[in-house]
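Let me begin by presenting the structure, written as structure tokens, before commenting on it.
What follows draws every value from the coordinates through simple rules; no lab data is involved. Treat the numbers as computed from the prediction; the structure is a model and nothing was measured. Backbone-built Cβ (ideal geometry, glycine too); neighbour counts: all protein chains shown.
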Amino acid sequence: MNSQDSTTKKVLQHLTSSLSISEQELFVEESPIPLLPERYSIFYAEKKGSHGHIYEYCILLENEFFSSAESDSFARLLKMENFLHKRNLNADQFVILFRMLHVKMGDSEPLLSDSLLRNKTLKRYGVPVALPSIQESNGGVQIVFYTHRLKSGTIEQWIVTVSRDYQVNYETPAQ
């Protein structure tokens, strides 16, 4: 068994335990995301027969698992990365990880910097849209970004706050 197979097996065991389902019910594949740091091993898992409706992401970093099945994973990852002090993730990377580990956004696609600049979509949406940004906020940070709802075409602003003790909160206009 090569190291990639053994890593996939560890991820499968972790997810079957946290999701309380059998290995036979779960499809798992490594799914690298070029915008994220190479040190992250990223896996996508889907319950067989769910047609993509029941899925989880899992990140393996330095033998630690971070999974969308666990509500504290995103905060634990930020804390392990010492994000508030090192600022070792840019706004786009933060948004991708937030979406993978903290909030399933359904049919909403985050509007990331490269796409907004390359496609000149800052003006196309007809509403004020800015590039994802990170700002200092009371010893923590505030990340502001926008999503595009694919079915309705609406744009939503998200404001995510990470406190100095790595508590993660967010708000959207719908809240």
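Some points to look at:
- Most fluctuating residue given options Leu77, Leu97, Leu19, as computed from a GNM of the chain linking Cα atoms under 10 Å: Leu19
- Cβ-based charge dipole, the chain, positive-most Cα from His148, Ala130, Asn63: Ala130
- Gain on full extension, evaluated as 0.36 nm per residue between Leu150 and Leu117 minus their Cα-Cα distance, stands at 10.0 nm.
- Taking amide hydrogens as placed 1.01 Å from N in the peptide plane, the amide H of Leu111 sits under 5 Å from those of Tyr146, Thr147, His148, each at least 5 positions away in sequence or on another chain.
- Entries in Lys10/Lys151; Lys10/Lys104; Lys9/Lys79 that, when Cα-Cα distance is taken, lie over 31 Å: Lys10/Lys151
- Estimated FRET transfer efficiency when R0 is 41 angstrom, pair Asn88-Ser22 (beta carbons, to 0.05): 0.65
- Cα-based reach from Lys86 at 14 Å (exclusive), listing aspartates and glutamates while leaving out same-chain residues under 8 positions away: Glu136
- Computed from phi, the 3J(HN,Hα) profile of the range 7-19 under the Karplus parametrisation 6.51, -1.76, 1.60 (θ = phi - 60°) reads 5, 4, 5, 4, 5, 4, 5, 4, 5, 5, 5, 6, 9 Hz, with x in place of Gly and Pro.
- Extension gain from Gln135 to Glu171, taking 0.36 nm per residue of separation minus the Cα-Cα distance: 11.4 nm
- Whichever aspartates and glutamates have a C-alpha closer than 18 Å to that of Lys47, once near sequence neighbours (fewer than 8 apart) are set aside: Glu23, Glu25, Glu29, Glu30, Glu56, Glu70
- Highest GNM mean-square fluctuation among Pro34, Pro128, Pro110, for the chain modelled with Cα contacts below 10 Å: Pro34.
- Comparing mean-square fluctuations of Arg164, Arg99, Arg118 from a GNM of the chain with C-alpha springs under 10 Å, the top value falls on Arg118.
- Here r is the Cβ-Cβ distance between Glu62 and Val127 and R0 is 30 Å; the resulting FRET efficiency, rounded to 0.05, is 0.15.
- Near-label residues of the range 3-28 by backbone N, under 15 Å of a point 7 Å along Cα→Cβ of Ile54: 15-28
- Under the Debye formula (equal points on every Cα, no solvent term), log10 I(q)/I(0) of the chain at q = 0.08, 0.12, 0.15, 0.17 Å⁻¹: -0.27, -0.61, -0.92, -1.13
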